[in-house]
Number of protein chains: 6
Amino acid sequence: MATVPLIDHANASPAVRAVYDDIKQLRGVADVNNFWKSLANAPAQLEQVWSEVKSVMQPGELDALTKELVYIAVSAANSCTYCVHSHTAAARAKGMTPAQHAELLAVIALANRTNALANSLQVPVDPQFQAG
Amino acid sequence: MATVPLIDHANASPAVRAVYDDIKQLRGVADVNNFWKSLANAPAQLEQVWSEVKSVMQPGELDALTKELVYIAVSAANSCTYCVHSHTAAARAKGMTPAQHAELLAVIALANRTNALANSLQVPVDPQFQAG
Amino acid sequence: MATVPLIDHANASPAVRAVYDDIKQLRGVADVNNFWKSLANAPAQLEQVWSEVKSVMQPGELDALTKELVYIAVSAANSCTYCVHSHTAAARAKGMTPAQHAELLAVIALANRTNALANSLQVPVDPQFQAG
Amino acid sequence: MATVPLIDHANASPAVRAVYDDIKQLRGVADVNNFWKSLANAPAQLEQVWSEVKSVMQPGELDALTKELVYIAVSAANSCTYCVHSHTAAARAKGMTPAQHAELLAVIALANRTNALANSLQVPVDPQFQAG
Amino acid sequence: MATVPLIDHANASPAVRAVYDDIKQLRGVADVNNFWKSLANAPAQLEQVWSEVKSVMQPGELDALTKELVYIAVSAANSCTYCVHSHTAAARAKGMTPAQHAELLAVIALANRTNALANSLQVPVDPQFQAG
Amino acid sequence: MATVPLIDHANASPAVRAVYDDIKQLRGVADVNNFWKSLANAPAQLEQVWSEVKSVMQPGELDALTKELVYIAVSAANSCTYCVHSHTAAARAKGMTPAQHAELLAVIALANRTNALANSLQVPVDPQFQAG
């Protein structure tokens, strides 16, 4: 369970309800998920995070699905149970096929493997990589 | 510096040289980078990792650049200095523009932020996310 | 569930019971929590950790609540489910208000965000920061 | 070195210069540090992060030094070299004494120790911690 | 629950069944565990991981139990709930006694403590450690 | 560089010198390494860590080399540059051969790979693993 109460729409302040309504409308869902209901205990944070999500996850130079794939990979590396679940669902909602998911898993597996090897070997950065 | 000697082509065993030559040919480079020169101290691991890289990083259900973007994000989350450098370079070699890099950074920033919040709040996974 | 049996007071060795009794007395609780019941499988570790907790978490140059706030933040970064729960409870027991918790979450969110950006950008340390 | 060019004030766009000038004025420094010069490659991110820093790191329900102590602890857990350096310096600028730093290190040491033990033992969360 | 369906032997493709049968035979178990049933959604990954497990976890220059102890320690550091459970069980199956487990926990506790201190202090690597 | 001054024997307090002398004598070295010189800024922590190292790293139910191998693996997972260097050197001093190092790297690579996969798939813990 969360370390804070989950705040339902019925029990939320007007400011929080406004954010919930925006989420529900934009995502076409009947209720917001537990992340938002938990974050509502910190209303300023709730507003900022929702604003950032709306802005950052839009298709742009990278398409929306690519962004969710990155999100899954980071969430797994950070061992965030909730985020892996919610963003895998989001990726599927944005069109991720099982075959794409399998390829993502292969990249995640390889990246974590080579990260661990590079950290274990303390590989020095080559000069050609150092020109930022 | 590495915790192992960096093994140059001239000092490598035939098996290691074979891997180096394959890397150089496939990537069109004059010399392999320090990750491979370090990993050459574990020749079986060198062969397996190179084989996996060749196979996994090919364009497939996901394109090659998308895979490098995921790789950068995982490497940053794992705080792998070498890997962030080498895969940012690889992503640029595969066409990543500064605008795409900026958007990737925005997703990385947001994902790490919400991962930390979800972990701090211990958000319970919603039922609709639990049907695997 | 734990990877070891949870050892109750009734089933504990005299040495372990001594630690349990000290914890119960100092904290004014009827029973020790699951962390101690798990750690009791390694009695030397149980004694050392309890001793360190008693010593380190005392108010000193930093007050007791500040120390719990740091503890929550570290536990979230390390994705330790148990520790986030237990130390959020401890912080509340030491006076943390919901408003303080919200501010802590804001710092945690910001720190994880900028850590991820700095790791992704591989920012070189400025000279003025290098004089230890 | 960074994976992006460091952008000096002289070479910055007007929008970026505006952020730099604000940082310099608020912090009373002659030049911005390398984190900002790196982040300037993603101007929207630069503006958002600076805005968030200004807002979050203000003294409020928690004082400014407490916030920096949390920031150091998170940065160490995330193995962010740059951030540990810059926020240790910031904490000193906000009055952190060597004795306070030593106490912070003691809490960091203890927290990482018990996080690792709890993760190794997979301690189940006690019922009394589950009422959020 | 998993983010993918768990694939039972009865519902598996011939290729997946072949891997399952090999696991069951080599490990002397009636059914494969949930890790394999989850990974079966990415059949190529399933084959590669099983092949690597068979090869790497064999006794060699290091004995089989030592390898499981390392595996537990890494899994705890990566906060992988599943892996800590499965590899603690595997270590016990390979002869790990409670006394050995307690000593492993002591090393894990110490290592995470000093890692955190070294990261907080940003200790520079001594010259004598730099000759790889 | 460190975020604290490195304290040499000549400039150390009597209490710190006592620890330095014990380290030098037990390890047969002419000078202590930078970790101890950094930690000396927190003298109580220096004494406790040295005491714990002396006690925990002794051969016991696990031999001394096994403990160093675990230490390397944890340090790599925690991306602790200093610790990977110092403990790889320590392992070599305790007899680790290049062939053993290569096998350790293979286990590290595999463990980080499967940890990442298990975290990405959110594999549910099997009942047979839940009896602690």
Largest first and rounded to whole Å, the semi-axes √(5λ) derived from the alpha carbon gyration tensor of the protein assembly as shown read 33, 33, 30
When F:ILE108, F:ILE7 are ordered from fewest to most other Cβ atoms inside 10 Å of their Cβ, what list results? F:ILE7, F:ILE108
I'd like the FRET efficiency for A:ALA15 and D:LEU26, computed as 1/(1 + (r/R0)^6) with the beta carbon distance as r and R0 of 30 Å, rounded to 0.05. 0.60
Across E:LYS24/E:LYS54; C:LYS37/E:LYS94; D:LYS67/F:LYS37; A:LYS67/E:LYS37; C:LYS54/F:LYS24; A:LYS54/D:LYS67, pairs whose alpha-carbon gap is larger than 20 Å: C:LYS37/E:LYS94; D:LYS67/F:LYS37; A:LYS67/E:LYS37; C:LYS54/F:LYS24; A:LYS54/D:LYS67
Rank-order F:56-69, D:83-96 by packing density, defined as the average count of other C-beta atoms within 10 Å over each peptide's residues, highest first. D:83-96, F:56-69
Any idea how far apart E:VAL53 and D:GLN128 come out in nm if each label point goes 7 Å out from Cα toward Cβ? 4.0
Phi angles of the range B:110-120, converted by Karplus (6.51 cos²θ - 1.76 cosθ + 1.60, θ = phi - 60°) into ³J(HN,Hα) in whole Hz with x for Gly and Pro, give 5, 5, 5, 5, 6, 4, 5, 5, 4, 5, 6
Whose amide H sits under 5 Å from the amide H of A:ASN33, counting only residues 5 or more places off or on another chain, with H placed in the peptide plane? none
Residue and distance (whole Å) for the chain D Cβ nearest the axis that superposes D on C: D:ALA77, 2
Could you work out how far helix C:81-93 tilts from the main Cα principal axis of chain C, as a 0 to 90 degree angle to the nearest 10? 90
Whole-Hz ³J(HN,Hα) for each residue in the range B:18-33, computed from phi via Karplus 6.51 cos²θ - 1.76 cosθ + 1.60 with θ = phi - 60°, x for glycine and proline: what do you get? 4, 5, 4, 4, 5, 4, 4, 5, 5, 9, x, 10, 7, 8, 7, 8
What the 5 Å binned alpha carbon P(r) of chain F shows, as percent of pairs per bin from 0, is 2, 9, 14, 18, 16, 14, 11, 8, 5, 3, 1, 0
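No value in this document is a laboratory result; all are computed from the given coordinates. Quick caveat: nothing in here was measured; it's all calculated off a predicted structure. Backbone-built Cβ (ideal geometry, glycine too); neighbour counts: all protein chains shown.
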